[in-house]
Structure formats: structure tokens, C-alpha cells
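Everything below concerns the one structure shown next.
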Amino acid sequence: EAGVVQSPRYKIIEKKQPVAFWCNPISGHNTLYWYRQNLGQGPELLIRYENEEAVDDSQLPKDRFSAERLKGVDSTLKIQPAELGDSAVYLCASSLDAGDNEQFFGPGTRLTVL
Amino acid sequence: SQKIEQNSEALNIQEGKTATLTCNYTNYSPAYLQWYRQDPGRGPVFLLLIRENEKEKRKERLKVTFDTTLKQSLFHITASQPADSATYLCALGGIAAGNKLTFGGGTRVLVKP
């Protein structure tokens, strides 16, 4: 069974440029998460989807970040414009449902903003 | 504010010994706690779940304890192997926290042959 797929794996952009990340969760998983992980720290939740509905986006910087999950499957996370402080690894995860179900993580996208 | 603390210093341990990692939390009443393993350049991988009404969970060479009075979880790797070298993350969750996982900073473990 395929795991969570993310692309691209690496992205280098200049500040003020836009960038987008794509995630394909495990088939049948209703819940999808986007996390940001800074070096030496644990992942921090940005947004959680239940099917196509964003049920927790309290940590998403809405002035520059946006996300969507069309048809409750794939998801994209966008930053526009990017800032130097956005450099981090962006992780996508999915689970059968919310609650205490284990989360399956993708390999992440390492973003470097110059 | 809610705080989750894991030892930020790397744990160096000899092969065959038991590695013990701690996860302490404050201003938090989690309904459950999960432990994940993360290798460099990869996403975290789920290892164990323990709920607030459980004291101990085991899986192969792994053991987790959860003390809601001390607000602490201990994670043990017995008979450690070099392949166990990785960063281990604890994560707390529950309805009181909006049903989301909050991760600690992780502890890096290095098992020497």
C-alpha cells in the first residue's frame, strides 16, 4: 500500500515569491493534516481537514498561507508571498479519522527561502 | 501556556542497554499520548499509543508508561540496537486540546555498537 505522497521534496525560492506544496494521503483516510517542522523541533499543526472541511486552521497564518482539499482527497498548501522565516519542512499526514488514531506522515517538503 | 518537554540533549547509549526517554508536560490534560520515531529527512513514524486510563503499554522491545499525576511519560527501548538510532517524539492529544496532536521537540538517540 502506498504511503502519503508529497511533492516536491525540496524547494528553493527567493523571498516574496509564491510556493505550493502537494499532498496525496493514504486512500480511505478522511483526516488530513499539514504540519510545519523547524530544525530541532517537533511538528506544529497548521491545518486539519475532515474530508474537504477545514476543522482546525487556528495556527495557519492566513495573511499569507492558504490550503485546500478538493473532493476530500488531495490537498495543496500555498504560501504567497514567502518570507525568510517560512524556511522549514512542511509535512503532510493522514489518518482514518481524527482522535487518537495514528497519523501517517509523508516525507515532507524542505523549503528554503533566500 | 501548554508546554511539552523532552530532553533536547542527545542520548548516547551502548548497544544492548536500555534507553529511557522522558516526556513531561504542564498546563495540559491529555486524553492520550503517542510516541513517534523520526529518521533524518523523513516524516515521523508512529510507534505506540497510550491512553490516560492506561499505565503501561508494550510493543516488542518498546515500553511506554503514562503517569497523569506526575504529568510524565517514559519511553523505554530495551536491548537497544544501532538501528534504533533516531529522534523520538512524544505527542499529546485529546478533546480538551481541540483533538489535535501537540508534539514535543524530540530526543535524539544514538546507539553505539
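The values are calculated or read from the model by the stated rules, or taken from the named source; none is laboratory data. Keep in mind that what you see is a predicted model, and the values were worked out from it rather than measured. Here Cβ is always computed from backbone atoms with ideal geometry, including for glycine, and neighbour counts include all displayed protein chains.
With respect to A:Leu60, is the statement that it is within 14 Å of the chain's Cα centre (by Cα), surrounded by 14 or more Cβ atoms within 10 Å (Cβ to Cβ) and part of a strand (DSSP E or B) true?
no
Here are some residues: B:Lys63, B:Lys100. Which one is crowded, with 17+ Cβ neighbours inside 10 Å and touching a His at 6+ places or on another chain (Cβ under 7 Å)?
Step by step, each of B:Lys63, B:Lys100 is checked, and only B:Lys63 is crowded, with 17+ Cβ neighbours inside 10 Å and touching a His at 6+ places or on another chain (Cβ under 7 Å).
Residues of the range B:6-45 being closer than 21 Å to A:Ala88 by Cα and surrounded by 14 or more Cβ atoms within 10 Å (Cβ to Cβ), which ones?
Passing the criteria: B:Gln6, B:Tyr36, B:Arg37, B:Gln38, B:Arg42, B:Gly43, B:Pro44, B:Val45.
Mind listing whichever residues of the range A:73-102 are touching a Gly at 6+ places or on another chain (Cβ under 9 Å) and of a type in the set (S, T, N, Q)?
A:Ser94
Within the set of pairs 6 or more residues apart or between chains, which connect a residue that is among the charged types (D, E, K, R) inside the range A:9-21 to a residue that is loosely packed, with under 12 Cβ neighbours inside 10 Å and not in a strand (DSSP E or B) with Cβ atoms less than 6 Å apart?
These pairs meet every condition: A:Glu14/A:Leu114; A:Lys15/A:Leu84.
Sort out which residues of the range B:19-49 are of a type in the set (D, E, K, R) and part of a loop (DSSP other than H, G, I, E, B), and write them in order of number.
Matches in the range B:19-49: B:Asp39, B:Arg42.
Does B:Glu56 meet the test of being touching a strand residue (DSSP E or B) at 6+ places or on another chain (Cβ under 6 Å) and without any contact (Cβ under 8 Å) to a residue 12 or more places away in the chain?
yes
May I ask you to list pairs of residues, at least six apart or on different chains, whose Cβ atoms are under 8 Å apart, with the first in the range A:97-114 being at the interface with another protein chain (Cβ under 7 Å from one of its Cβ atoms) and the second being surrounded by fewer than 20 Cβ atoms within 10 Å (Cβ to Cβ) and aromatic (Phe, Trp, Tyr)?
A:Asp100/B:Tyr32; A:Glu102/B:Phe46; A:Gln103/B:Phe46
Sort out which residues of the range A:42-57 are in a loop (DSSP other than H, G, I, E, B) and at pLDDT 95 or above, and write them in order of number.
Within the range A:42-57, the subset in a loop (DSSP other than H, G, I, E, B) is A:42-43, A:51-52, A:57.
Scanning the range A:42-57 gives A:Gly42, A:Pro43.
Would you check if B:Gly16 is part of a loop (DSSP other than H, G, I, E, B) and either of a type in the set (A, V, I, L, M, F, W, C) or touching a Pro at 6+ places or on another chain (Cβ under 7 Å) (or both)?
Criteria not met by B:Gly16.
For the range B:59-109, enumerate the residues that are basic (Lys, Arg), at the interface with chain A (Cβ under 10 Å from one of its Cβ atoms) and under 19 Å from B:Thr20 (Cβ atoms).
Residue satisfying the conditions is B:Arg108 alone.
Which residue is surrounded by the most Cβ atoms within 10 Å (Cβ to Cβ), if the candidates are limited to the range A:63-90 and must be of a type in the set (A, V, I, L, M) and in contact (Cβ under 8 Å) with a residue 60 or more places away in the chain?
It comes out as A:Ala82.
Please enumerate the residues belonging to the range A:38-57 that are aliphatic (A, V, I, L, M), within 27 Å of B:Glu5 (Cα to Cα) and either exposed (fewer than 14 other Cβ atoms within 10 Å of the Cβ) or away from chain B (no Cβ under 11 Å) (or both).
Of everything in the range A:38-57, just one residue is aliphatic (A, V, I, L, M), within 27 Å of B:Glu5 (Cα to Cα) and either exposed (fewer than 14 other Cβ atoms within 10 Å of the Cβ) or away from chain B (no Cβ under 11 Å) (or both), namely A:Leu39.
Quick check on the range A:22-36: of everything there that is closer than 16 Å to A:Pro107 by Cβ and out of contact with any Gly (no Cβ under 9 Å at 6 or more places or on another chain), which residue is surrounded by the fewest Cβ atoms within 10 Å (Cβ to Cβ)?
Here the residue is A:Trp22.
If I filter the range B:100-107 for residues that are touching a strand residue (DSSP E or B) at 6+ places or on another chain (Cβ under 7 Å) and more than 28 Å from B:Ala31 (Cβ to Cβ), do I get at least one hit?
Of the range B:100-107, the ones touching a strand residue (DSSP E or B) at 6+ places or on another chain (Cβ under 7 Å) are B:100-107.
This time we only want the ones that are more than 28 Å from B:Ala31 (Cβ to Cβ), so: none.
Taking every residue of the range B:100-107 in turn, none turns out to be touching a strand residue (DSSP E or B) at 6+ places or on another chain (Cβ under 7 Å) and more than 28 Å from B:Ala31 (Cβ to Cβ).
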